[in-house]
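In what follows, a single structure is set out as structure tokens and then discussed.
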Amino acid sequence: IPTGIQTAQAPLPDTEMRLIDMFHNGGPIMYPLTLLLLISVYVLVERLLVIGKASKKNEALVLSLKELIHNGNIGGAVSMCKGINTPESAMLEQGITRIGQPVQEIRTAMDKSGANEIAKLEKNLNVLNIIGRIAPMFGFIGTIIGVITIFYSISLAKTVEIEIISKGLYQKMITSASGLVVGVLAFVCYHWLNARIDKLAHRMEDTQIRFLDMLNE
């Protein structure tokens, strides 16, 4: 029979796992892992912006240059390349400024220019490669620290109970997982950015061939 009187239920304990709590429970090794994560994200975003700008296509570029060159307007062709300001146009500029020289010299100059432009795009990518290798090692160091914490707690308590060893277990699991996550992220980003650069390099090679064929027409 309802009496109109309701008993207040005690609030349930907060068992939600929060990232900030995981960070603190992971111990001091979480600070270098966080730094490595921030560096990875910065390099990824910065390189994406640079590679994205460099990868802009201009299908009519070679045809436009062909018209200018055949009309004798070499200066206009050079100015067009400077205005576009991409690795592709920089490579073509080196070829245009050497028109009249043997084809092999033009090809060599364009190869060197293309290699320099690709090297600029690859700047800082080795940082991701290094982070991908060392982040799991930091996680392993955190695991060792967690194991040491477990045995130290056991030595103090003179007994083995889950409450005693849980802190060390929690620490070693968090650091291991964090190291692997940061390492995998950096590894994937490194190879993904390299794949985009390789795609651009193949396109530049094709553009170079079209340009040299155009000079022979």
### Stretch gain in nm, segment I99-L35, where the contour uses 0.36 nm per residue and the Cα spacing is subtracted
18.0 nm
### Summary
Semi-axes (Å, rounded, descending) of the ellipsoid equivalent to segment 18-104 per its C-alpha gyration tensor are 50, 12, 8
### Query
Considering only protein heavy atoms, what is the solvent-accessible area of F151 at a probe of 1.4 Å, reported in Å² to the nearest 10?
140 Å²
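With 17 Å as the cut-off, how large is the P(r) tail for segment 65-105, expressed as percent of Cα-Cα pairs?
Numbers: 203 of 820 pairs.
Roughly 25 percent, rounded to a whole number.
With 20 Å as the limit, write out which pairs from K82/K123; K53/K82; K56/K199 have Cα-Cα distances beyond it, or answer none.
Details: K82/K123 22 Å; K53/K82 15 Å; K56/K199 12 Å.
Over 20 Å apart, Cα to Cα: K82/K123.
Among residues other than K57 whose Cβ falls under 10 Å from its Cβ, what is the net charge (Lys/Arg +1, Asp/Glu -1)?
The answer is 0.
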### Query
What lysines could a cross-link reach from K158, if we take a straight Cα to Cα line under 30 Å and drop same-chain neighbours fewer than 8 places away?
K167, K172
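The values are calculated or read from the model by the stated rules, or taken from the named source; none is laboratory data. All of these numbers come straight from a predicted model, not from anything done at the bench. Cβ coordinates were reconstructed from backbone atoms using ideal geometry, including for glycine residues, and neighbour counts include every protein chain displayed. These area figures cover heavy atoms from the full protein model, side chains too; ligands, DNA and RNA do not enter into them. Shrake-Rupley method; radii C 1.70, N 1.55, O 1.52, S 1.80 Å.
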